[in-house]
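Report on the following structure.
The values are calculated or read from the model by the stated rules, or taken from the named source; none is laboratory data. Quick caveat: nothing in here was measured; it's all calculated off a predicted structure. Note that each Cβ is placed from the backbone with ideal geometry, even for glycine, and that neighbours are counted across all protein chains shown. The protein model used for the area step is the full one, side chains on, heavy atoms only, and it has no ligands, DNA or RNA in it. Shrake-Rupley method; radii C 1.70, N 1.55, O 1.52, S 1.80 Å.
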Protein chains: 2
Amino acid sequence: MLAHVIRGGMSESRHYGYLAIADTSGRRVYATETADSLPAFLRSSAKPFQALALVESGAADRFGLSETELAIACASHSGEEPHVRLIRGMLERADLSPEDLLCGSHLPFYEPAAHALIREGRAPSNLHSNCSGKHTGMLLTCLQMGWPIENYNLPEHPLQKWFLELVAEFCNLPPAEVKTGMDGCSVVCFGMTVGQMATGFARLADPTYWEQAGKPEHAAAIARITRAMMAHPFFVSGTDREDKALMEAAPGRIFSKGGAEAIWCMGFPGRGLGLALKVDDGYSRAHAVIIAEALRQSGLLTESEIAAFTAHQVKPLRNVRGLVIGEIQAKFKLLPPD
Amino acid sequence: MLAHVIRGGMSESRHYGYLAIADTSGRRVYATETADSLPAFLRSSAKPFQALALVESGAADRFGLSETELAIACASHSGEEPHVRLIRGMLERADLSPEDLLCGSHLPFYEPAAHALIREGRAPSNLHSNCSGKHTGMLLTCLQMGWPIENYNLPEHPLQKWFLELVAEFCNLPPAEVKTGMDGCSVVCFGMTVGQMATGFARLADPTYWEQAGKPEHAAAIARITRAMMAHPFFVSGTDREDKALMEAAPGRIFSKGGAEAIWCMGFPGRGLGLALKVDDGYSRAHAVIIAEALRQSGLLTESEIAAFTAHQVKPLRNVRGLVIGEIQAKFKLLPPD
């Protein structure tokens, strides 16, 4: 068990799952007992890896991407007005249109933005998709590489093949062992254990690892990408979101990217460590409680940094009238390294 | 495990839980191995029990409740216009106002109704709460019993004490062993194992049990309540809802009432059997798949009845663009009786 939901003093619901903290070698520094038992898909936590191609291809420089624009290429953004405006500008600069994006459209995660569209009788566009920044980055990479921008989402396209190689290299498994499926936004998604995900985020956190490995292009790209994410947490996520709250609670000490089906990955710059969480049932309501407890047990953030995060993200459970009816409690013990 | 979520041929997420089918004596006829290991709250699956008080007090007759009105007193309705209109009429007939309801307000479950309110810039009222029919029934019961209508939601109020006794009597446990908490709509909720919930629904399904037990008032009330639910599935739930689909798939052969945190209970009239499901994590997306499989293994509905239900409620999983990305599969074997 990772956490349970308490109502009237009784455990009403329970969340099981897997959590691992790993270093760049792939060693598990702290982990739940079952961390390597079942694979999961990285989902949107793959976005920083996909942004590697945007930087390493030269596309980010050719199109003059700002740090904010690089951050939103790694985002599951909330579809707020500043997000939509930023992506529109990136597309216009490359003579692309929102219709070139293959992410599909859904109402913004940010409720006031969603309600504004409904009030105005407007359908959401591709720009409101939480993945529109990543998809824009994909289009820019294709233009830079001279690849077709049609069907850039399919497994046969060289862009998706490149992503698979990057993910495998960072997460420390052979490309043939990476499971694949179709993501919510119609691109390829990548399956592996949380231990492998944590290794990937450790390798995003440590440029020296890549310099020593003779891959200076990775060293430069991860420094730039993680700096952009940490400098612009709002553009990686949105108002009241967990990724934003965590990065703002410990500025420059953590970068964080969640994904669908209750995936959450983070890296710790200067320490060469990564953390990955998968809640088995795909439900993320216990995420903040679980991560606060894991950071406490591992000592990866300080008590005051953790408190700054939980002050925003961990609240008692309230009912329709706002009355407190219970709380979510963490219930696990990480195993230290062998 | 009860079910898992498949993407790209891989199990991405998993739902664990508890399921029991019991008879009126409390015997488990079919059950998962762990059916009695952990209690859960009945939540909205308690509504048919709470409606017993509405009928047995004489309130349903005094206020001339129609069968439809009795059905909505057992409902977690979707806040559609016919639901709201029906409850408004019940309140007016008793000189009550929506402000007397203590359920709180939330946007209707039915998305077009929610969007209509947002478009019109109107806040949802207590009438839109999925529990407003039950709360109206509670107010009518208080009027009939001569009890104050203030604070009818609190554990100290005689109405809530009566509910606790009824739930304990039907579910076959001593009142002192029923766990209590505050529900989403601020009334008392009742905790017990799924085996006990299934027994309660078996006893809702069998008037002869109560006649033999010397409780003809229960026999008459359950016949009237379950007939109302089965005759008006829309008023127990709403458009495209699982309770409605299941009752429409096997008319007169099953009554069904789901609850929050992934509870689902049903009874089988004429057979004296009840079924209760709790998905451990509180997430109900696998409900239709799990129940279809349990009904198949137990033979409680016919293949064609199950097919009529799954045709509406079990679909492949699709992404934002409507592309099929996977499916939910049941994965459990019910144990037959000892």
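Cβ-Cβ distances below 6 Å connect the following pairs, each with a first residue in segment A:144-167 that is touching a residue at least 60 places away in the same chain (Cβ under 8 Å), a second residue that is open to solvent by 60 Å² or more (accessible area, probe 1.4 Å), and a separation of six or more residues or different chains: A:Q144/A:R62.
Candidates A:A75, A:A53, A:A60, A:A46: the one that is away from chain B (no Cβ under 14 Å), outside any strand (DSSP E or B), of a type outside the set (S, T, N, Q) and under 14 Å from the mean Cα position of the chain (by Cα) is A:A75. Quick check on segment A:170-185: of everything there that is surrounded by fewer than 24 Cβ atoms within 10 Å (Cβ to Cβ) and either within 14 Å of chain B (Cβ to nearest Cβ) or in contact with a Phe, Trp or Tyr (Cβ under 9 Å, 6 or more places away or on another chain) (or both), which residue is farthest from A:K47 (Cα to Cα)? Checking each candidate, the answer is A:E177. For the condition open to solvent by less than 10 Å² (accessible area, probe 1.4 Å), more than 25 Å from B:A35 (Cα to Cα) and either within 15 Å of the chain's Cα centre (by Cα) or within 12 Å of another protein chain (Cβ to nearest Cβ) (or both), B:H135 qualifies. The residue that is farthest from B:A202 (Cα to Cα), counting only those in segment B:315-336 that are away from chain A (no Cβ under 14 Å), part of a loop (DSSP other than H, G, I, E, B) and open to solvent by 50 Å² or more (accessible area, probe 1.4 Å), is B:K315. Taking segment A:158-250 and the helices (runs of 4 or more DSSP H) fully enclosed by it, the elements with 1 or more residues that are under 23 Å from A:I291 (Cβ atoms) and modelled with pLDDT of 95 or more are at A:158-171, A:194-204, A:216-231, A:233-236, A:242-249. Among the residues of segment B:259-270, those that are at pLDDT 95 or above and open to solvent by 10 Å² or more (accessible area, probe 1.4 Å) comprise B:G259, B:A260, B:E261, B:P269. Does B:A288 satisfy being closer than 21 Å to B:V5 by Cα and away from every other protein chain (no Cβ under 14 Å)? It is true that B:A288 is closer than 21 Å to B:V5 by Cα and away from every other protein chain (no Cβ under 14 Å). Under 23 Å from B:H83 (Cα atoms), touching a strand residue (DSSP E or B) at 6+ places or on another chain (Cβ under 8 Å) and either within 14 Å of chain A (Cβ to nearest Cβ) or of a type in the set (A, V, I, L, M) (or both): is that true of B:I263 in this structure? Yes; evaluated as a whole, the condition is true for this residue. Counting residues in segment B:5-14 that are open to solvent by less than 20 Å² (accessible area, probe 1.4 Å), under 30 Å from B:C103 (Cα atoms) and either of a type in the set (K, R) or under 18 Å from the mean Cα position of the chain (by Cα) (or both) gives zero.
If you filter segment B:32-43 down to residues that are open to solvent by 30 Å² or more (accessible area, probe 1.4 Å) and more than 14 Å from every other protein chain (Cβ to nearest Cβ), you find that the one that is farthest from B:S129 (Cα to Cα) is B:E33. Looking at segment A:293-305, can you tell me whether even one residue there is at pLDDT 95 or above, farther than 16 Å from A:A20 by Cα and buried (at least 24 other Cβ atoms within 10 Å of the Cβ)? Among the residues of segment A:293-305, not one is at pLDDT 95 or above, farther than 16 Å from A:A20 by Cα and buried (at least 24 other Cβ atoms within 10 Å of the Cβ), which makes the answer no. Here A:G200 meets the list (1) more than 14 Å from chain B (Cβ to nearest Cβ); (2) within 25 Å of A:P155 (Cα to Cα); (3) open to solvent by 40 Å² or more (accessible area, probe 1.4 Å) almost entirely, failing just condition (3).
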